[in-house]
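The structure appears right after this line, and notes come after that.
The values are calculated or read from the model by the stated rules, or taken from the named source; none is laboratory data. Keep in mind that what you see is a predicted model, and the values were worked out from it rather than measured. Here the Cβ is made from the backbone with ideal geometry for all residues, glycine too, and neighbour counts use every protein chain on show.
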Amino acid sequence: MQVNSKISEKVVKKKQALEFLEPISKRYLMVMNIRSTCDEKGDRYLDPMWAKDLTEHFKYLKDFTLASPGQQEKSPENQIAVNREPSFSNVEFIDLPCPNSYKDAILTLPATVAKLWSAIGSSDIVHSCVAGWPIPMGWLVTPIALIQRKFYVLVVESAPWRLEPGKTIKIKDKIIAYVSEIVNRWCVNNANLTIFTQSEYQHSLLTKRQERGHIIHASWIDEENIISEADAAQIWHRKTSPSNKKLKLLFAGRLESSKGVLVLLEAMKILDDKNIAVNLDILGDGSLLNQCKTLSKNLQKSVNIQFLGTLPYGKEFFRLLQEYHAVVVPNLSDEQPRIVYDAYSQAVPVLASNTDGLRDCILNHTTGVIANSNDPVALADLIEWSAQNLPRLESMGKASLQEAHSMTHQQMHRSRWELLLKMLQSSKV
């Protein structure tokens, strides 16, 4: 009871601290490949998740400008009109050209650079990234920020330019990966502050001035999404009752080879041949959907696979997570998927592959279990072990719930704010 009391006290203090951020009044410019849309009425639309993230920035950045590709079209589906949101009332938008190919990006480069030069010149702090299509904004922003001597912040959340393991690689892809690694390393080494979402990105990209690099894992969960310990105990009691002994797993993500979905299905075939009882639900869509459905039809014994389609990120999604004994994340790429912390918030452990991104956010045999990457046999063995050890999954799920409290979206931004404030003070910007 004393431990639980200390955890609760810690959570309350974090909530209070998040509410009293010292605002940064410097002119802050974010340059991203986030596309916004304006309709014929002049309403501006953004993806809801990006809008949510931007709103967190506004809590500590009082003079905020977003420069990103903008396009004119009818009101898009599944996006929100941010100009109707009070939190966006003081935000300035700069619409950059919106290329749809490498050729378009080159043709619109002069106009893009001209707009960036002006926007960066009117700012005190510039924020960008090294990922984005067709040309990462950081490639254009970095030299301009250096020339104009601006305080420069980079965030490295993913490395999509890197070659995917197990995939047939074309010469063009190898050239792009090679050039991207060199240019992105140069960008990172010339930033005043770089925030990485995992340690491997820092080790491989930051080769100079290590004190300017910091690791802050990416998370989208809010404190209100995290269930209570009492709810977790009740949910797990139901999941481990005699009527729910069959292992129930969830895969949530894009149905693409980089997500390891084909490796997962091969593992399911191994388990089916061994007559190991497993229910697997697949939540998501993608280019491999039809192939996945075809492969699942070959399972005739103990494994059952259902395709749930897609579900918006929100309360219904979190309620769905509660139904499973574990979430399975068989990624092949080195990215750090948000589903890990989503699962933690519902006291659900994670069965994952041994990649750089997943090793950084999963405590092996504490909040989940890690198996060899791109290895169907190893994944099948892990799932079989899980089916035989539901009490261990329950223990890991409850441990992951404690981890979730320190990994909310708000706490992620507080950590970024603290770093930014510290670096600004030391740089006397």
Regarding region 153-167, can at least one residue be identified that is without any contact (Cβ under 8 Å) to a residue 12 or more places away in the chain, outside the structural domain of residue 332 (by TED's automatic domain parsing) and basic (Lys, Arg)?
no
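Condition first: within 23 Å of residue 296 (Cβ to Cβ) and hydrophobic (A, V, I, L, M, F, W, C). Now tell me which residues in region 223-265 satisfy that.
Taking region 223-265 and keeping what is within 23 Å of residue 296 (Cβ to Cβ), we get 244-265.
Selection gives 247, 249, 250, 251, 252, 255, 261, 262, 263, 264, 265.
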Out of the residues in region 40-88 that are touching a helix residue (DSSP H, G or I) at 6+ places or on another chain (Cβ under 9 Å) and in a loop (DSSP other than H, G, I, E, B), which is modelled with the lowest pLDDT?
78
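I need a count of the residues in region 355-392 that are over 24 Å from the mean Cα position of the chain (by Cα) and either assigned to a helix (DSSP H, G or I) or outside the structural domain of residue 280 (by TED's automatic domain parsing) (or both).
Filtering region 355-392 down to residues over 24 Å from the mean Cα position of the chain (by Cα) leaves 376-378, 380-392.
Still in the list and also either assigned to a helix (DSSP H, G or I) or outside the structural domain of residue 280 (by TED's automatic domain parsing) (or both): 376-378, 380-387, 390-392.
So the answer is 14.
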Kindly list, by first and then second residue, each pair from a residue in region 71-82 that is closer than 20 Å to residue 55 by Cα to a residue that is surrounded by 10 or more Cβ atoms within 10 Å (Cβ to Cβ) and of a type in the set (Gly, Ala, Ser), limited to pairs with Cβ atoms under 7 Å and residues at least 6 apart or on different chains.
80/51; 82/51
Counting only residues that are surrounded by 12 or more Cβ atoms within 10 Å (Cβ to Cβ) and touching a helix residue (DSSP H, G or I) at 6+ places or on another chain (Cβ under 9 Å), how many does region 273-303 have?
19
What's the number of the only condition in (1) buried (at least 19 other Cβ atoms within 10 Å of the Cβ); (2) within 20 Å of the chain's Cα centre (by Cα); (3) not in a loop (DSSP other than H, G, I, E, B) that residue 187 fails to meet?
(2)
